[in-house]
1. Translational D (Stokes-Einstein, µm²/s) of region 134-185 at 20 °C and 1.002 mPa s when Rh comes from the Kirkwood sum over C-alpha pairs?
2. So, in nm, how far is label residue 199 from label residue 246 when the simple model puts each one 7 Å beyond its Cα toward the Cβ?
3. Of 150, 33, 210, which has the largest mean-square fluctuation in a 10 Å C-alpha GNM of the chain?
4. For the pair residue 207 and residue 156, what calculated FRET efficiency results from E = 1/(1 + (r/R0)^6), where r is the Cβ-Cβ distance and R0 = 22 Å, to the nearest 0.05?
5. With θ taken as phi - 60° and the coefficients 6.51, -1.76 and 1.60, list the Karplus ³J(HN,Hα) couplings across region 38-45 in order, rounded to whole Hz; mark glycine and proline as x.
6. Would you list the P(r) distribution for the chain, with all Cα-Cα distances sorted into 5 Å bins from 0 and each bin expressed as a whole %?
7. In nanometres, what is the gap between the two model label sites at residue 175 and residue 64, each 7 Å from Cα along Cα-to-Cβ?
8. Any idea of the accessible area per residue across the chain, 1.4 Å probe, to the nearest Å²?
Amino acid sequence: MMMDPFVRRETEHKPELLFLDRWMERFPQLTAGFSTRNGGVSAAPLNSLNCALHVNDDANNVIDNRRRLACAAGFSPDAMTCVEQVHGIEVAIVTGEQRGMGSCSREDVPHKDALITAEPNIMLTAFFADCVPLYFYDPDCRAVGLAHAGWKGTVRNIVQSTLDAMSRQYGSSPEHIHAAIGPSIGACCYEVDDKVIDQIPLANVYVSAGNGKYMLDLKEMNRQFMIKAGILPMNIEITRLCTSCNTDLFFSHRREQGKTGRMAGWIALKG
Ligand SMILES: [Zn+2]
């Protein structure tokens with residue numbers, strides 16, 4: 001069996017994180033990964049590595065958890081840079097001036113769902129509990145991107161809007177871009193109704209579950225949009241990990257009926 005692209009590293013007194021090991025071995029200037037729910041300080045039902053400020057956690061716990069995450073990923077906490085996610089497709093272009101944006105507070109943070117940068121030592125970070133983390137790296141133009149794709153962002157093609165922004169800002173061409181699709185709710189668990197399915201432009205990404213319900217594969221949908229956009233299939237990493245199947249490892253908004261925390265996905269060029 002092929003090893004999953006997101007590889008777990010567990011160490012005592014540290015947050016348990018998944019790293020995109022193959023990327024990090026091939027591109028030593030890059031770091032990228034996804035946190036689990038383990039190794040933080042938040043109490044149930046946000047136990048314990050909740051990284052989001054908007055889920056009624058004590059802000060001090062969240063900031064402590066984020067500090068643990070940043071340090072374990074090799075950054076200082078003020079490198080963490082994030083946006084207020086709104087299930088849209090807008091992209092934040094991050095320069096040194098925005099470094100640290102959103103790291104300690106939700107105030108004055110732009111409402112967007114993707115971040116791109118070509119500057120080192122900026123840890124692009126977004127938060128997830130079932131939605132799909134999308135990672136982009138252009139080794140030619142040395143630029144990175146991270147997107148948050150729930151079903152709405154997926155349908156509206158946040159893949160394309162992120163790639164367009166990387167092309168416009170950094171001259172990135174899709175055929176040089178490496179992409180990864182991270183832990184999120186799988187077709188095994190993601191049941192939706194026909195209100196959602198009516199908006200899905202691809203026929204081969206869902207199956208009927210009877211009674212007007214369908215099992216939707218958001219990861220595969222994003223993969224197909226990546227290929228349509230010109231990313232080479234061989235340059236796409238896709239995880240098998242389902243957040244809803246693994247609540248020992250992940251927060252799952254669907255499985256835990258909304259009363260849960262958020263993991264963090266990150267990507268950065270090292271300083
Ligand atoms: Zn599942």
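The values are calculated or read from the model by the stated rules, or taken from the named source; none is laboratory data. Everything numeric in this text was worked out from a predicted model, so none of it was measured. In this analysis, Cβ positions are derived from the backbone assuming ideal geometry, glycine residues included, and neighbour counts consider all displayed protein chains. To get the accessible areas, we keep the full protein, side chains included, count just its heavy atoms, and leave off ligands, DNA and RNA. Shrake-Rupley method; radii C 1.70, N 1.55, O 1.52, S 1.80 Å.
1. For the chosen part, D equals 191 µm²/s.
2. Taking the simple label geometry, residue 199 and residue 246 are separated by 2.8 nm.
3. Looking only at 150, 33, 210, the biggest GNM fluctuation is shown by 210.
4. Step by step, r from the Cβ atoms, then E = 0.45.
5. Result, rounded to whole Hz: 9, x, x, 10, 7, 8, 4, x.
6. 1, 6, 14, 19, 21, 18, 12, 7, 2, 0, 0
7. Inter-label distance under the simple model: 5.2 nm.
8. 42 Å²
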